[in-house]
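No lab work stands behind these numbers, since they all come straight from the coordinates. Please read all numbers here as calculations on a predicted model, not as lab measurements. Counting neighbours? That spans all protein chains shown, and the Cβs are built from the backbone with ideal geometry, glycine included.
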Amino acid sequence: EDKVVQSPLSLVVHEGDTVTLNCSYEVTNFRSLLWYKQEKKAPTFLFMLTSSGIEKKSGRLSSILDKKELSSILNITATQTGDSAIYLCAVGSNSGYALNFGKGTSLLVTP
Amino acid sequence: DAGVIQSPRHEVTEMGQEVTLRCKPISGHDYLFWYRQTMMRGLELLIYFNNNVPIDDSGMPEDRFSAKMPNASFSTLKIQPSEPRDSAVYFCASRAPLFNTEAFFGQGTRLTVV
């Protein structure tokens, strides 16, 4: 059975800190790994990673995939209170088109 | 496009009642997914459709749950009879028919069964 594990489950940091969120996976026929941010309601897409070692970047957020270690990290630098959210990692496989989600990391950024 | 549209946004019902959740995917998306989110289990896939055909319903918890997609722009998830343990946020998501694309989520329906 496919498995996606995120760590830590929750995190509290001060504004300005840098955080690293982790996602590890076991999946048959890996195709892609996606990161989503969930604030109040719908998860919104951040990044899709398919190749090892290639960093995706958007502003203060960046992510990279390590296919050898079956893992990915999401970095947020100079955190702001608006970064407070649940960050979800999901994996897609070539066996089907649904995404398998981890339980998420709940990030709280305090002023 | 208005995105994935779900209704209702909130539903409170009594145990034993039938509940119907509705979803309109993004136009042109041929994959539609129903997920359920709880604190304990996170986001779980219930069922997904491709071109209106159910492809994988192995996540549907039991026979009380059923889902249909009568056309490309509408899907329903029905729970009959509902139970308190069905209380959760139910999300619908859709994605385009391209190889590596993300899924877009609706705002969810928060279901409370009392």
Report summary line: Correct semi-axes for chain A, from √(5λ) of the alpha-carbon gyration tensor and rounded to whole Å with the largest first, are 24, 14, 12
Report task. Return the subset of A:Lys3/B:Lys24; A:Lys41/A:Lys67; A:Lys67/B:Lys24; A:Lys41/B:Lys78; A:Lys41/B:Lys24 for which the Cα-Cα distance in this structure is over 26 Å, preserving the input order. Result -> A:Lys3/B:Lys24; A:Lys41/A:Lys67; A:Lys67/B:Lys24
Requested in this report: Could you tally the net charge around A:Cys89, taking each other residue with its Cβ under 12 Å from the Cβ of A:Cys89, Lys/Arg +1 and Asp/Glu -1?
Outcome: +3
Requested in this report: Find the relative contact order for chain B and round it to a whole percent, using C-alpha pairs within less than 8 Å whose residues are 6+ positions apart.
Outcome: 37 percent
Query - Shielding by partners - mean other protein chain Cβ count within 10 Å, residues of A:99-109 - result: 3
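Based on the Cβ-Cβ distance of A:Ser10 and A:Thr50, what FRET efficiency does E = 1/(1 + (r/R0)^6) give at R0 = 22 Å, to the nearest 0.05? If you can, show how the numbers build up before the last one.
Details: r = 28 Å, r/R0 = 1.29.
Efficiency, rounded to the nearest 0.05: 0.20.
Which order, highest average first, do A:17-23, A:33-39, A:4-10 follow once you tally other Cβ atoms within 10 Å for each residue and take the mean per peptide? Working shown, then result.
Numbers: A:17-23: 16.9, A:33-39: 20.7, A:4-10: 15.0.
Descending packing order for the listed peptides: A:33-39, A:17-23, A:4-10.
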Requested in this report: Report the paramagnetic label zone for B:Ser27: residues of region B:49-73 whose backbone N is under 20 Å from a point 7 Å from Cα along the Cα-to-Cβ axis.
Outcome: B:51-52, B:70-73
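Classify region A:30-93 as rounded, prolate or oblate from the Cα gyration tensor: take a ≥ b ≥ c as the square roots of its eigenvalues, call it rounded if a/c is under 1.5, otherwise prolate when a/b beats b/c and oblate if not. Mind dumping the intermediate values first?
Numbers: a/c = 2.51, a/b = 1.47, b/c = 1.70.
Because a/c hits 1.5 or more and a/b fails to exceed b/c, region A:30-93 counts as oblate.
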